[in-house]
Amino acid sequence: MKKNPFISNTGFWLGVLLLPLFLNAQPLTRAKVTPTTATQPIAAGPMLGYSAMREVAIWVQTKQAATVQVRYWPQNQPTAKKNTPAVKTQAEKEFIAHLFASYLEPGTTYTYEVLVDGKVVPRPMTLTFKTNPLWQWRTDPPAFSVAFGSCDYTNDPPYDRPGRAYGGDKKIYKAIAQAQPDLMLWGGDNVYFREVDWDSPKMMAYRYNAWRQQEEIQPILGNIHHYATWDDHDYGPNDADRSYILKDTALDLFKQYWINPAYGLRATPGVFQQFSWGDADFFLLDNRYYRSPNRHPDSTSKTMFGKAQLDWLLDALSSSNATFKIVMSGGQILNDAAIFENFATYGMERRTFLDELVRRKISGLLFLTGDRHHTVLRKKELAGLYTLYDFTSSSITAGISQPVAKELDTQVVENTLLKENNFGLLAFSGPRTDRTLTLKAIDGDGKTRWTYAIKATDLQPKKQ
């Protein structure tokens with residue numbers, strides 16, 4: 001059949017006229033999806049939990065029910081691969097798997113990968129873990145570093161308070177990764193439950209998920225060993241105490257989202273724990289589960305930590321032979337100003353605790369604290385002991401608050417007050433007979449804002 005020349009020519013010239021419009025047209029709006037993200041079965045992680053000399057714990061969350069394993073091998077032996085036992089993730093556990101690589105060698109770096117339903121899942125970073133070194137009776141203690149911080153707020157506008165966003169720039173996660181610490185300690189308010197969360201176990205889990213699944217935080221989860229305690233915002237409502245009706249639910253969720261080596265004692269539940277790395281022992285306290293209401297009149301019955309926990313802590317400190325004994329709590333310990341939620345507002349319990357430190361002549365102490373939304377190093381002289389230090393690091397991303405006038409006193413170490421998002425770094429170094437602990441405050445750009453060095457010999461009880 002013969003073509004109509006008018007139709008043919010018309011189509012040609014119409015195409016010529018419309019071509020510039022097509023060349024300048026914007027593409028259709030479409031979510032950017034890459035093959036890896038579109039088929040990615042992992043919702044969050046992997047996250048490294050505790051590291052012992054011959055075992056490491058690893059946390060993974062999938063998007064739906066799946067069988068999860070970790071394959072690992074010494075960094076210089078790629079043919080010596082082993083798998084952890086498989087774990088089936090379930091909806092009632094938020095599709096979370098706790099995996100354990102055992103029978104490892106001390107002081108060794110391993111490369112690892114995650115398998116979901118038998119297939120290796122690519123992650124956007126190289127994955128390595130390391131075991132606690134066996135140095136005792138053999139060498140000087142190893143040099144190592146520990147990052148720590150508190151108050152990490154992830155914005156969720158529909159449920160946040162009106163006005164300016166409270167959560168800050170997430171670039172600080174990159175700064176933490178660049179510091180390459182061996183460990184990271186989360187000092188509380190690691191997530192922030194909102195009013196829509198803390199009366200519902202499912203919504204509390206939702207809040208954890210929203211934080212843990214952030215793309216920006218994944219690199220530090222997979223290559224740094226994480227240990228955590230809590231404060232009020234990741235325990236329950238603001239200023240929550242032992243009366244919080246869902247505190248056991250909060251404890252169950254904490255155990256689900258962190259893999260610490262211990263959670264309290266059998267007869268004394270909670271999130272307090274102890275672990276060692278190098279020549280340092282770390283003691284993470286629980287300042288919520290046994291806490292009396294803040295407005296409780298001060299007396300022997302008003303407690304922040306509870307008698308059982310403090311008895312455990314004092315005994316554990318007395319038994320420790322570590323050069324450094326690092327005690328971390330959600331709230332400030334040494335600040336003498338009885339304001340907000342400082343330990344000083346629990347005067348009688350605090351005096352008893354400090355007196356026991358002197359009586360038992362505990363050496364090597366350093367306190368790490370959070371909560372206050374600014375960073376500062378404080379010192380306190382205890383007659384018969386030595387100068388104690390309390391390194392408060394806050395906030396990682398949450399809003400910043402000013403200290404009040406009456407706490408800006410001689411306790412503050414000069415030039416250590418920092419009022420912007422940051423994290424702390426502890427660097428342990430030197431031979432056995434001359435160990436040094438160097439404290440740093442590092443901002444979101446990775447810049448060290450101040451440094452303060454403490455000799456192990458300065459943390460020894462004074463001779464009478």
Just to be sure, is Ala57 assigned to a strand (DSSP E or B), among the small types (Gly, Ala, Ser) and touching a Pro at 6+ places or on another chain (Cβ under 9 Å)?
yes
For the range 182-208, what are the residues that are in contact with a strand residue (DSSP E or B) (Cβ under 7 Å, 6 or more places away or on another chain) and either open to solvent by 10 Å² or more (accessible area, probe 1.4 Å) or assigned to a strand (DSSP E or B) (or both)?
Asp182, Leu183, Met184, Leu185, Trp186
Quick test for you: out of Ile362, Ile400, pick the one residue that is β-branched (Val, Ile, Thr), assigned to a loop (DSSP other than H, G, I, E, B) and open to solvent by less than 10 Å² (accessible area, probe 1.4 Å).
Ile362
Return the residue satisfying two criteria in turn: it lies in the range 77-116 and is more than 15 Å from Val56 (Cβ to Cβ) and touching a residue at least 40 places away in the same chain (Cβ under 8 Å), and of such residues it is surrounded by the fewest Cβ atoms within 10 Å (Cβ to Cβ).
Lys93
Can you tell me which of (1) surrounded by 17 or more Cβ atoms within 10 Å (Cβ to Cβ); (2) not in a loop (DSSP other than H, G, I, E, B) is the one Thr303 doesn't meet?
(2)
Residues that are open to solvent by less than 40 Å² (accessible area, probe 1.4 Å), among the aromatic types (Phe, Trp, Tyr) and under 25 Å from Asp355 (Cα atoms): does the range 373-390 have at least one?
yes
Inside the range 219-245, the number of residues satisfying the requirement of being part of a helix (DSSP H, G or I), modelled with pLDDT of 95 or more and of a type outside the set (Gly, Ala, Ser) is 6
Does the range 217-236 contain at least one residue that is out of contact with any Gly (no Cβ under 9 Å at 6 or more places or on another chain) and without any contact (Cβ under 8 Å) to a residue 24 or more places away in the chain?
no
Residue pairs, Cβ under 7 Å, 6 or more apart or interchain, first in the range 246-269 and within 28 Å of Pro46 (Cβ to Cβ) and in a helix (DSSP H, G or I), second open to solvent by 40 Å² or more (accessible area, probe 1.4 Å) and at pLDDT 95 or above. List them.
Thr249/Pro201; Leu251/Pro269; Lys255/Tyr263; Gln256/Lys93
Condition first: of a type in the set (S, T, N, Q), in contact with a Leu (Cβ under 8 Å, 6 or more places away or on another chain) and open to solvent by 10 Å² or more (accessible area, probe 1.4 Å). Now tell me which residues in the range 242-300 satisfy that.
Gln274
How about the range 393-439: which of its residues are hydroxyl-bearing (Ser, Thr, Tyr) and under 20 Å from Ala344 (Cα atoms)?
Ser393, Ser394, Ser401, Thr410
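Here is a yes/no grid of residues against (1) under 19 Å from Ala175 (Cβ atoms); (2) touching a Lys or Arg at 6+ places or on another chain (Cβ under 9 Å); (3) surrounded by fewer than 20 Cβ atoms within 10 Å (Cβ to Cβ):
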{"residue": "Pro122", "(1), (2), (3)": "no, no, yes"}
{"residue": "Thr126", "(1), (2), (3)": "yes, no, yes"}
{"residue": "Lys130", "(1), (2), (3)": "no, no, no"}
{"residue": "Arg138", "(1), (2), (3)": "no, no, yes"}
{"residue": "Phe148", "(1), (2), (3)": "yes, no, no"}
Taking the criterion of being over 25 Å from the mean Cα position of the chain (by Cα), in a loop (DSSP other than H, G, I, E, B), at pLDDT 95 or above and under 30 Å from Ala143 (Cα atoms), would at least one residue in the range 104-112 satisfy it?
yes
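The values are calculated or read from the model by the stated rules, or taken from the named source; none is laboratory data. This is a predicted model, so every value here is computed, not measured. Glycine gets a Cβ as well: all are built from the backbone with ideal geometry, and neighbour counts include every protein chain shown. Only protein heavy atoms, including side chains, enter the accessible area calculation; ligands, DNA and RNA are left aside. Shrake-Rupley method; radii C 1.70, N 1.55, O 1.52, S 1.80 Å.
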